[in-house]
Amino acid sequence: MDPLYKDCTLLHVDADGFFAAVEQALNPALRGRPVVTGAERGIIAAASYEAKALGIKRGLQLHEAQRLCPELVILPSDYEAYSLVSRRLYAVVRRFTPLVEEYSIDEAFADLTGCGDILACPLESVAEQLRNAVSAELGFTVSVGISLTKTLSKLCSKFRKPNGQTVLRREHVPVMLKRTPVAKVWGIGPASAAKLQALGVVTAFDFTRMDEAAVLRLLHKPGHETWRELQGRRVFPLELSAKRSYDSMMKGHTFSPPNADPTFIFSEALRNMGAAMAKLRRHAHLAKEIGLSLRLKDYTGQTAGARLPCPTSHDCEAAPVLRALFDALFTPGRTYRSTLVWFGGLVAERNRQPDLFEETPQRHDYGKLDAAVDRINRRYGQNAVAPAALLDRRLKPAHSRDAAPARYDTLLRGETGRHLAIPRLTLANPV
Ligand SMILES: [Mg+2]
């Protein structure tokens with residue numbers, strides 16, 4: 001193995017201003033201009049670097065941002081496009097190593113252990129090749145960090161942003177930690193940072209010099225794990241697969257203005273459930289659990305989950321459980337802004353243990369009903385056929401932010417349909 005790769009093999013890649021950057025990559029007219037996404041929520045979800053230079057950042061109210069920059073381009077979020085591009089980003093990382101964790105829509109961890117002979121170049125060139133491949137083929141930039149552990153590589157990718165790279169080998173770790181405020185370390189939240197600062201622990205380096213027992217006492221297991229990772233001892237493994245299928249069976253939607261009507265809010269939750277269920281069937285999976293999150297106007301939320309009566313992908317079997325969760329969570333008189341439904345405990349349809357007593361004629365009919373509804377909706381659009389309760393969504397007054405992304409009827413390069421989950425990729429420079 002290339003001695004250069006010895007124990008410094010954990011790579012973190014983080015796209016720069018991802019949502020806004022994707023919008024600019026897809027629409028050349030937006031390049032070089034201040035662009036933000038999040039029009040549908042009224043607050044900024046992502047800002048391009050041109051917008052950031054004007055002091056506009058994530059979480060800012062749109063009207064405040066417009067005051068800072070009247071010519072700001074404000075777009076609704078197009079999560080479908082972002083997740084398509086996100087998969088292309090992961091695919092580029094996989095050319096360097098098969099060990100890739102899809103950490104979030106715009107971040108991935110990868111392990112280069114054992115790749116020294118194949119890549120046959122210094123780690124600095126690996127980072128550079130990765131950055132160049134993404135910007136040439138996908139049209140936006142990423143920042144790359146390579147170090148001993150996940151926590152250190154995440155510090156590195158943030159160190160020079162945008163379009164930067166940092167390789168941090170063991171001998172230089174203390175230098176980096178001395179210039180990093182402890183509050184900037186991944187895994188140290190504001191509460192932990194405050195506790196540490198009260199003890200005079202200011203930098204990440206100070207933190208690593210703390211006594212092990214004191215760390216455990218003060219911050220318990222999670223803080224202790226971060227303490228070890230900062231010292232270059234690997235605690236967090238790569239999570240290679242599980243997360244992805246789990247995440248993909250989740251549907252959420254924010255409505256504006258916020259609403260207090262239970263009939264309307266339940267119909268929103270039901271619509272999300274239907275969309276997640278259709279996705280579950282498309283991937284030939286069944287769920288054992290269902291969860292519901294209701295988010296209040298002030299962005300605080302409540303979540304509850306329950307087991308389904310049996311592993312299922314039928315709307316008719318999940319809807320009563322969703323109703324019960326909703327009734328338990330919903331507080332009359334409070335104003336809500338979004339609902340989110342997720343399915344957990346997923347099993348592939350073909351691995352299911354058939355149960356003699358659950359194969360009732362009624363279940364067979366549910367299957368036929370769902371298949372027919374899916375066929376119609378695929379052909380005529382989402383919710384062409386839907387539960388009558390979805391009509392209650394019309395209770396909501398129309399709002400200018402409801403507009404769908406403008407590109408909804410155009411296709412991206414490589415797409416054959418806007419709702420097709422699997423893109424056909426055409427790579428400019430296949431390796
Ligand atoms: Mg990012």
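Quick notes
- Of all residues in the stretch 155-175 being of a type outside the set (Phe, Trp, Tyr), assigned to a helix (DSSP H, G or I) and surrounded by fewer than 23 Cβ atoms within 10 Å (Cβ to Cβ), the one that is farthest from the chain's Cα centre (by Cα): Glu171
- Checklist (1) closer than 24 Å to Glu137 by Cα; (2) free of Cβ contacts under 8 Å to residues at least 12 places away in the same chain; (3) acidic (Asp, Glu) applied to Asp16, failing item: (2)
Each row is one residue, and each column tells you yes or no for (1) within 14 Å of the ligand (Cβ to nearest atom); (2) surrounded by fewer than 24 Cβ atoms within 10 Å (Cβ to Cβ); (3) at pLDDT below 90.
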residue: Asp2; (1), (2), (3): no, yes, yes
residue: Lys6; (1), (2), (3): no, yes, yes
residue: Val13; (1), (2), (3): yes, no, no
residue: Asp16; (1), (2), (3): yes, yes, no
residue: Ala21; (1), (2), (3): yes, no, no
residue: Leu26; (1), (2), (3): no, yes, no
residue: Arg31; (1), (2), (3): no, yes, no
residue: Val36; (1), (2), (3): no, no, no
residue: Ala39; (1), (2), (3): no, yes, yes
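- Residue match in the stretch 72-81 (condition: closer than 19 Å to Asn163 by Cβ, within 16 Å of the ligand (Cβ to nearest atom) and surrounded by 15 or more Cβ atoms within 10 Å (Cβ to Cβ)): no
- Only listed residue being surrounded by 13 or more Cβ atoms within 10 Å (Cβ to Cβ), at pLDDT 85 or above and of a type outside the set (Asp, Glu), chosen from Gly333, Gly291, Gly301, Gly345: Gly291
- Residue count for the stretch 46-86, restricted to those that are closer than 18 Å to Gly139 by Cβ and polar (S, T, N, Q): 3
- Considering each residue of the stretch 97-114 in turn, none proves to be more than 13 Å from the ligand (Cβ to nearest atom), outside any strand (DSSP E or B), at pLDDT below 95 and more than 30 Å from Thr9 (Cβ to Cβ).
- Test: Glu64 is of a type outside the set (Gly, Ala, Ser), part of a helix (DSSP H, G or I), more than 24 Å from Ala127 (Cβ to Cβ) and within 16 Å of the ligand (Cβ to nearest atom): no
- Scanning the stretch 130-146 for residues that are part of a strand (DSSP E or B) and within 14 Å of the ligand (Cβ to nearest atom), we see that the one that is surrounded by the fewest Cβ atoms within 10 Å (Cβ to Cβ) is Ser143.
- Taken together, the criteria exclude Arg323 from residues that are within 24 Å of Pro258 (Cα to Cα) and out of contact with any helix residue (DSSP H, G or I) (no Cβ under 9 Å at 6 or more places or on another chain).
- Where Glu107 falls short, out of the listed (1) touching an Asp or Glu at 6+ places or on another chain (Cβ under 6 Å); (2) surrounded by fewer than 18 Cβ atoms within 10 Å (Cβ to Cβ): (2)
- Scope the stretch 38-61; condition touching a residue at least 24 places away in the same chain (Cβ under 8 Å) and either in a loop (DSSP other than H, G, I, E, B) or within 15 Å of the chain's Cα centre (by Cα) (or both); matching residues: Gly38, Ala39, Glu40, Arg41, Gly42, Ala45, Ala46, Ser48
The values are calculated or read from the model by the stated rules, or taken from the named source; none is laboratory data. None of these values were measured; they are calculated from a predicted model. Cβ: placed from backbone, ideal geometry, glycine included. Neighbour counts: every protein chain shown.
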